[in-house]
Amino acid sequence: MIIQEAGEMYLETILRLKQKTGAVRSVDIAREMGYSKPTVSEQMKKFRENGLIEIDEDSHINLTEAGMEIAKRTLEKHIVLTEILIKIGVNDKVAEKDACRLEHYMSEETFKCIKKHFGMD
């Protein structure tokens, strides 16, 4: 399954919230991303149907192995790109924002080469 930018953002947000709070619900994602709860619920339905998340009896959202792989890969790109941009002199807030954009469009090959070049592999 090919995941577009919005899908990667959702999965990354689920991972970040899970790391931060331990439990994630649709309302948490909506609040974090600034989306409406119905919009998030619709996306969670699609993710569930595609095997990227599971929702337990308490309405907690958990990433499946496939969802976790995408979320971790996206989060790693975000962190590494932010660090590199800051190292080359970009303001922290701008680096964070730009890394968020870049992470979704960069190929794995390019990302691996960037990490290697900056000694982050």
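Against the definition (touching a Gly at 6+ places or on another chain (Cβ under 9 Å) and assigned to a helix (DSSP H, G or I)), how does I14 come out, yes or no?
yes
Could you list, in sequence order, the residues of the stretch 54-103 that are assigned to a strand (DSSP E or B) and among the polar types (S, T, N, Q)?
Across the stretch 54-103, the qualifying residue is only N62.
When the residues of the stretch 3-36 are filtered to those that are β-branched (V, I, T) and surrounded by fewer than 13 Cβ atoms within 10 Å (Cβ to Cβ), which remaining residue is nearest to I53 (Cα to Cα)?
Across the stretch 3-36, the extreme among qualifying residues is V27.
Considering only residues of the stretch 23-39 that are in contact (Cβ under 8 Å) with a residue 24 or more places away in the chain and outside any loop (DSSP other than H, G, I, E, B), which is nearest to M9 (Cα to Cα)?
Filtering first and then ranking leaves M33.
Return the residues of the stretch 100-117 that are farther than 18 Å from I3 by Cβ and touching a residue at least 12 places away in the same chain (Cβ under 8 Å); say none if nothing qualifies.
I114, K115 - these are the residues of the stretch 100-117 that are farther than 18 Å from I3 by Cβ and touching a residue at least 12 places away in the same chain (Cβ under 8 Å).
Bear in mind that the values in this text are calculations on the coordinates, not laboratory data. Given the structure is predicted, the values throughout are model-derived calculations rather than measurements. Neighbour counts are summed over all protein chains in view; Cβ atoms, including those assigned to glycine, are modelled from backbone coordinates with ideal geometry.
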